[in-house]
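The values are calculated or read from the model by the stated rules, or taken from the named source; none is laboratory data. Here the structure is a predicted model, which means the values were calculated and not measured. No Cβ is skipped: glycine too gets one built from the backbone with ideal geometry, and neighbour counts run over all protein chains shown.
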């Protein structure tokens, strides 16, 4: 949770207390007014931190530092689950999987912040993890890799904000985690246009077939209402422009990492790297409609840093 | 002095009120209460969530997230509180408040769901129909997908209402909307059964015959042949020869008698030129060529080029599944090219792909190569054994499964596979022994319970059959085999009729 803001519970209590002390002064008991008084709209934390120009590891460190540092998200003794995109056995040259260097950097930062355990998890085969280099990167730092390919690793949770999903089976490790970090790669996708952070969440869910059968774009947006990562680290060091999601296809060296906490904002900004209007990507628009986050890039507080 | 102080205080208070009002207006779009609702929701504190969302909607009725907040409240009543009356009222208000939006479409769907929970099938069907009509006008492929889903719900409603006419009309709509759909054979079959239910046997026969002629590769065609041939014969003369030849061709292809298979498919094409069955036979010829050569890429190209020409989905072949496994083979072949030192993983994936697409000989070849490189990989032996079963080389299957047991003696699946090898060879006693051994290794491993239940059922040992099938259903209630297990259990121990003395006794 973002600590610079008043906690929600505290907020209600304060609102109620003030309301009592100012009986008859109904405006004062309105939490939105209190909020406005305590925190001007223009201030507040960044929505997105973008680090550009360096190597994958350097960009990752800079983006997270700019967003407030890993300590803003990971506390001593936390269990952290990291979700890369290991959906193919391809190495990072193809840009269809999260760059292992980005994964390794984030895991190392979490451990340095005092995490008691870091799990690198996805509903993909162990063979993919082994071949695309993520297994080796994770092992070097001491993270545990979970290829969540059996149903007993999942637990059903309701999706009460969803429009097509009413429940999903989510990897238990994610539900048990103190901190969940989503680490997608930015790439083209033949069905959804692009696969970014929200689409990457399909890899913490058991029944992907259901998504495809019931309107993939809406199901992706629905899933984002049920699982909110504490942090999103988008690997846009090299992006796959065509023939996604598996590649090989045309790629471009964007040399960027985008960090944020709002999945819609991260995805909307990343979509612009592909020359796409975020509104035209179904799941971004639907997630915005469901109140998952902000898709209007011009409304976002963005800080861009160069890494040399 | 006192008066001045009062004036100053009044002015200050007025200023404060105006400032607060201004702030309030400026912040009308604030989403804090919405966020708070989300936070309560994520903690499962639904009553608090409802309060927060309601406050948000009250304070921000025009906010773009007001619909999302109302939607979530309605869903809480529907799913968590099971208060269908309130949910109905809320979904109705969403549907009327947000016309021509996604909220209207999804709201209608949920509204029908509430009616279904209330077993008000007529109202549910009414709303489904209206939604289908609206969505049908949309060019959006996702909308068409939703129409398919809604039609299936309509079927459930009409079945519960006993409305045969509407049921038949809806099945017709489903079949005509996408005769290539993976479920098309099932839907055509269900349509025929619906006609039977409505006591219109001649139309039932028409549709049963369409299942056979359009989808001869599907299991439903085989079911028509085995379960309804007599009924069809009572209505009209029907020549089963082409279908029998087609089925025989499929069997020959499955067990590796490729030349015989090709001859049979050629005969079908000659007997039934320009029909669905002939087109299906042409595709099966390509499949046989693929099984001979293992050229997955070539078959995939044929799939891509022929798919559109075939109005009935290549005769009932599950095209999506076939494509998936062909893709697996192609990917594994690519991986092997880029990494010739592979230690067996690519061969395993190729083996699985070949096994699942019926190219068992190619599978055997790949898996043997894999075993040479990685002789300690259990799955290579497991799939190899199943490939041998596929081509009816049971002794080789059994000796392969013995190697699997040697490599993975702690794995209950090793004994389960061996049992299947014996069962396929017809050696029931050895099959029982190995299924029991599998359970001795892991008493929660489910498949042996199902298989032992079936074997005891076949042997007429009712008690043991029921014991094992019941345990299977208990352990794996949602698997596809659980339905069959429940069917067998019902057959072995039918539920008592409502007016039987035993039932009366239980009631008291």
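Data table
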read-out: When residues of segment B:76-99 are limited to those that are out of contact with any helix residue (DSSP H, G or I) (no Cβ under 6 Å at 6 or more places or on another chain) and within 14 Å of chain A (Cβ to nearest Cβ), the one surrounded by the fewest Cβ atoms within 10 Å (Cβ to Cβ); value: B:82
read-out: Filter result (more than 19 Å from residue B:221 (Cα to Cα), surrounded by fewer than 20 Cβ atoms within 10 Å (Cβ to Cβ) and over 20 Å from the mean Cα position of the chain (by Cα)) within segment B:304-332; value: B:304, B:305, B:306, B:307, B:308, B:309, B:327, B:328, B:330, B:331
read-out: Residues of segment B:27-56 classified as more than 9 Å from chain A (Cβ to nearest Cβ), closer than 17 Å to residue A:227 by Cα and part of a helix (DSSP H, G or I), total; value: 1
read-out: Qualifying residue in segment A:84-100 (condition: over 24 Å from residue B:338 (Cβ atoms) and in contact (Cβ under 8 Å) with a residue 12 or more places away in the chain); value: no
read-out: Failed item, numbered, when residue B:9 is tested on (1) modelled with pLDDT under 95; (2) assigned to a helix (DSSP H, G or I); (3) over 21 Å from residue A:226 (Cα atoms); (4) within 12 Å of chain A (Cβ to nearest Cβ); value: (4)
read-out: Residue list for segment B:57-72, filter: at the interface with chain A (Cβ under 9 Å from one of its Cβ atoms) and in a helix (DSSP H, G or I); value: B:59, B:67, B:68, B:69, B:71, B:72
read-out: Residue in segment B:333-360 that is surrounded by the most Cβ atoms within 10 Å (Cβ to Cβ), counting only those that are outside any helix (DSSP H, G or I) and touching a residue at least 40 places away in the same chain (Cβ under 8 Å); value: B:359
read-out: Qualifying residue in segment B:292-299 (condition: closer than 28 Å to residue B:188 by Cα and either in a helix (DSSP H, G or I) or in contact (Cβ under 8 Å) with a residue 40 or more places away in the chain (or both)); value: yes
read-out: Residue within segment A:274-284 that is surrounded by 19 or more Cβ atoms within 10 Å (Cβ to Cβ), in a helix (DSSP H, G or I), within 13 Å of chain B (Cβ to nearest Cβ) and under 16 Å from the mean Cα position of the chain (by Cα) present; value: yes
read-out: Residue check for residue A:220: touching a residue at least 40 places away in the same chain (Cβ under 8 Å), buried (at least 24 other Cβ atoms within 10 Å of the Cβ), touching a helix residue (DSSP H, G or I) at 6+ places or on another chain (Cβ under 8 Å) and within 14 Å of another protein chain (Cβ to nearest Cβ); value: yes
read-out: Segment A:70-82: number of residues that are under 22 Å from residue A:46 (Cα atoms) and more than 16 Å from the chain's Cα centre (by Cα); value: 2
read-out: Test: residue in segment A:264-271 that is in a helix (DSSP H, G or I) and surrounded by fewer than 19 Cβ atoms within 10 Å (Cβ to Cβ); value: no
read-out: The one condition in (1) in contact with a helix residue (DSSP H, G or I) (Cβ under 9 Å, 6 or more places away or on another chain); (2) assigned to a loop (DSSP other than H, G, I, E, B); (3) farther than 20 Å from residue A:172 by Cα that residue A:68 fails to fulfil; value: (1)
read-out: Residues located in segment A:185-198, provided they are free of Cβ contacts under 8 Å to residues at least 60 places away in the same chain and part of a strand (DSSP E or B); value: A:189
read-out: Top-ranked residue of segment A:18-57 - restricted to ones that are surrounded by fewer than 18 Cβ atoms within 10 Å (Cβ to Cβ) and within 25 Å of residue A:234 (Cα to Cα), ranked as modelled with the lowest pLDDT; value: A:43
read-out: Candidate set from segment B:130-146 (those that are away from chain A (no Cβ under 13 Å) and surrounded by fewer than 17 Cβ atoms within 10 Å (Cβ to Cβ)); member that is farthest from residue B:83 (Cα to Cα); value: B:139
read-out: Odd one out for residue A:301 among (1) under 13 Å from the mean Cα position of the chain (by Cα); (2) closer than 23 Å to residue A:74 by Cβ; value: (1)
read-out: Residue B:439 being under 30 Å from the mean Cα position of the chain (by Cα), assigned to a helix (DSSP H, G or I), at pLDDT 95 or above and more than 20 Å from residue B:451 (Cα to Cα); value: no
read-out: Unique match (being within 24 Å of the chain's Cα centre (by Cα), crowded, with 21+ Cβ neighbours inside 10 Å and in contact (Cβ under 8 Å) with a residue 12 or more places away in the chain) among B:280, B:261; value: B:280
read-out: Qualifying residue in segment B:479-486 (condition: in contact (Cβ under 8 Å) with a residue 12 or more places away in the chain and not in a helix (DSSP H, G or I)); value: yes
read-out: Flag if residue A:201 is touching a helix residue (DSSP H, G or I) at 6+ places or on another chain (Cβ under 8 Å), under 30 Å from residue B:108 (Cα atoms), away from chain B (no Cβ under 14 Å) and part of a helix (DSSP H, G or I); value: yes
read-out: Some residue of segment B:105-119 being under 20 Å from residue B:31 (Cβ atoms), surrounded by fewer than 16 Cβ atoms within 10 Å (Cβ to Cβ) and either within 11 Å of chain A (Cβ to nearest Cβ) or at pLDDT 95 or above (or both); value: no
read-out: Matching residues in segment A:124-178 - criterion: being under 21 Å from residue B:45 (Cβ atoms), more than 12 Å from chain B (Cβ to nearest Cβ) and in a helix (DSSP H, G or I); value: A:174, A:176
read-out: Subset of segment A:179-192 [under 19 Å from the mean Cα position of the chain (by Cα) and within 13 Å of another protein chain (Cβ to nearest Cβ)]; value: A:180, A:192
read-out: Given (1) modelled with pLDDT of 95 or more; (2) away from chain B (no Cβ under 13 Å), index of the condition residue A:244 fails; value: (1)
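Per-residue answers, yes or no, for (1) at pLDDT below 95; (2) farther than 28 Å from residue B:158 by Cβ:
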site	(1), (2)
B:57	no, yes
B:77	no, no
B:99	yes, no
B:121	no, no
B:135	yes, no
B:140	yes, no
